[in-house]
Amino acid sequence: EKIATLGQIATTVNHEIKTPLNALSLNLQMLIKKINKCKSDDDMAKDQMLSITTIIDNEVSRINEIVEEFVKYARFPSPDMKPSDLNKIIRNLNDRLSQNAQESDVVMEMALDDGLEAISLDEKKMIQVLLNLSMNAIHAMPYGGTLRFVSRKEGDKAVILVEDNGKGISEADLGEIFEPFFTKKESGLGFGLSIVQRVIEDHNGTIECQSTIDEGTTFIISLPLAT
């Protein structure tokens, strides 16, 4: 019901905000051009006007980005489920993350269950999930550390662990991290983990987080083995 409501809201938001926002942006660009063409002996006044238009332009861009992220979240497409090798997806992360990991002095480790059979999932969305969790983990270890991936079979579930030994998440924040717009980062809109949760739930799975300040964080993903 929440998803359906968000979809309806997204349609209204997209029209009611982006239409005047686009008009505002176009008129702002015209204003900037006119200011630049003005012949004035007072260059300081001209610079002050351009400084104000720059602030407006940045805020228009920020609002536009928020609207786009919200609409993208609300209109989330259903997963394209196909039998996939979960371990192969995890192993391929090494190539995608190697540069970021090296720059942050982060070592990547994997403990994968080779007996884990193929399961039905959307590979692109699962890669998106694991990349998001991995980048969050790397950012949580600004002075280096270890990023560890674990896969195993537990009953009728495939379980994936994404572990780091970074700065951790406070107990107060743990209950909020999957909520849209919740973020502790200076940049970012707070949709990353809410999209991660959405993808896992669309796969009929679950995701939970365990964390201790200054010790690290573990995200635990459980996915059904049966299609």
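Things worth noting here:
- Compared with the dominant principal axis of the Cα atoms in the chain, helix 43-74 is inclined by about 30°.
- Here's how it looks for MET108: its modeled amide H is under 5 Å from those of LEU147, which are all 5 or more places away or on a different chain.
- Helix 2-37 axis, angle to the chain major axis (alpha carbon atoms, nearest 10°): 40 degrees
- Debye, to nearest 20: dipole size of the chain, +1 on Lys, Arg Cβ, -1 on Asp, Glu Cβ: 860 debye
- For region 52-135, the fraction of C-alpha pairs more than 20 angstrom apart is 56%.
- Charge dipole (Cα centre; +1 on Lys/Arg Cβ, -1 on Asp/Glu Cβ; no other charges) of region 1-111 amounts to roughly 480 debye.
- Solvent-accessible area, 1.4 Å probe, carbon plus sulfur percent, for the chain: 50 percent
- Nitroxide proxy distance, nm - points 7 Å out along Cα→Cβ at THR12 and ILE52: 3.4 nm
- Additional length obtainable on full extension of the chain from ASP95 to VAL107, 0.36 nm per residue less Cα span: 3.0 nm
- Extension gain for ILE127-LYS88 works out to 13.0 nm (0.36 nm per residue, less the C-alpha to C-alpha distance).
- Cα point-scatterer Debye curve for region 18-70, base-10 log of I(q)/I(0) at q = 0.12, 0.19, 0.29 Å⁻¹: -0.32, -0.66, -1.10
- Per-residue ellipticity at 222 nm from helix content only, as computed over the chain with -39500 (n - 2.57) for each DSSP H run of at least four residues, stands at -18000 deg cm²/dmol.
- [x] 1.10; [y] 1.02; [z] 1.04, with the label sought being that of the calculated Rg/Rh (Cα atoms, Kirkwood Rh): [x]
- Full extension of the chain between GLU176 and PHE76 gives 33.9 nm of extra length, using 0.36 nm per residue less the Cα-Cα distance.
- Dipole of region 24-103, positive direction: furthest Cα of GLN48, CYS38, LEU28, with charges on the beta-carbon: LEU28
- Loop-located GluC sites (Glu not before Pro) in region 120-203, at most 15 other Cβ atoms within 10 Å (DSSP): GLU176, GLU186
- Cα centre as origin, Lys/Arg/Asp/Glu Cβ charges: region 73-131 dipole, Debye: 360 debye
The values are calculated or read from the model by the stated rules, or taken from the named source; none is laboratory data. Treat the numbers as computed from the prediction; the structure is a model and nothing was measured. Ideal geometry is used to build each Cβ from the backbone, glycine not excepted, and the neighbour counts take in all protein chains shown. Ligands, DNA and RNA are excluded from the accessible area calculation, which covers all protein heavy atoms including side chains. Shrake-Rupley method; radii C 1.70, N 1.55, O 1.52, S 1.80 Å.
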